[in-house]
């Protein structure tokens, strides 16, 4: 039996080609939809980064030395740490001061470029 003598090329072949075209069009639409969503997520992430970069960080921290509060410039701070129930900051001159805020609050007030959270007890 010869395929050219049957009705396969007249009816079935056209249906199969149409189904393949529709299936490929579906995958193409799915591909472009995912690219659009990914571009949207990247744009949102970039917008958030720009907003966080625009935040001004603190220029000085109020620290406790005895009964007095001293403003200490951020440029002199080496790191923050937790020792027991108290939070401290250490300067580059190896001085240690008591900080009244939690490390989470301090982290929110610092510039993300200059300081990072090393672990739950240190901000370097």
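So which of 12, 111, 104 is at pLDDT below 90 and part of a helix (DSSP H, G or I)?
12
Filtering the stretch 48-78 down to residues that are modelled with pLDDT of 85 or more and in a helix (DSSP H, G or I), which residue is farthest from residue 111 (Cα to Cα)?
Of everything passing the filter in the stretch 48-78, 76 is farthest from residue 111 (Cα to Cα).
Does residue 97 satisfy being touching a strand residue (DSSP E or B) at 6+ places or on another chain (Cβ under 9 Å), over 27 Å from residue 50 (Cβ atoms), modelled with pLDDT of 90 or more and surrounded by 12 or more Cβ atoms within 10 Å (Cβ to Cβ)?
Taking the combined requirement at face value, the residue satisfies it.
Does residue 108 qualify as being outside the structural domain of residue 49 (by TED's automatic domain parsing) and closer than 28 Å to residue 48 by Cβ?
yes
Condition first: under 35 Å from the mean Cα position of the chain (by Cα), surrounded by 10 or more Cβ atoms within 10 Å (Cβ to Cβ) and over 30 Å from residue 97 (Cα atoms). Can you find one or more residues in the stretch 68-79 that meet it?
No, there is no match, as no residue in the stretch 68-79 is under 35 Å from the mean Cα position of the chain (by Cα), surrounded by 10 or more Cβ atoms within 10 Å (Cβ to Cβ) and over 30 Å from residue 97 (Cα atoms).
Under the condition of being in a strand (DSSP E or B) and free of Cβ contacts under 8 Å to residues at least 24 places away in the same chain, which residue from the stretch 84-101 is farthest from the chain's Cα centre (by Cα)?
Taking the stretch 84-101 as the starting set, the residues that turn out to be in a strand (DSSP E or B) are 86-91, 96-99.
Among the residues that remain, those that are also free of Cβ contacts under 8 Å to residues at least 24 places away in the same chain are: 86-88, 90-91, 96.
Details: 86: 29, 87: 27, 88: 28, 90: 28, 91: 29, 96: 32 Å.
Looking at residues that are in a strand (DSSP E or B) and free of Cβ contacts under 8 Å to residues at least 24 places away in the same chain, I get 96.
The values are calculated or read from the model by the stated rules, or taken from the named source; none is laboratory data. Since the model is a prediction, treat every value here as computed from it, not as a measurement. Cβ sites come from the backbone with ideal geometry, for glycine too, and all protein chains shown count toward neighbours.
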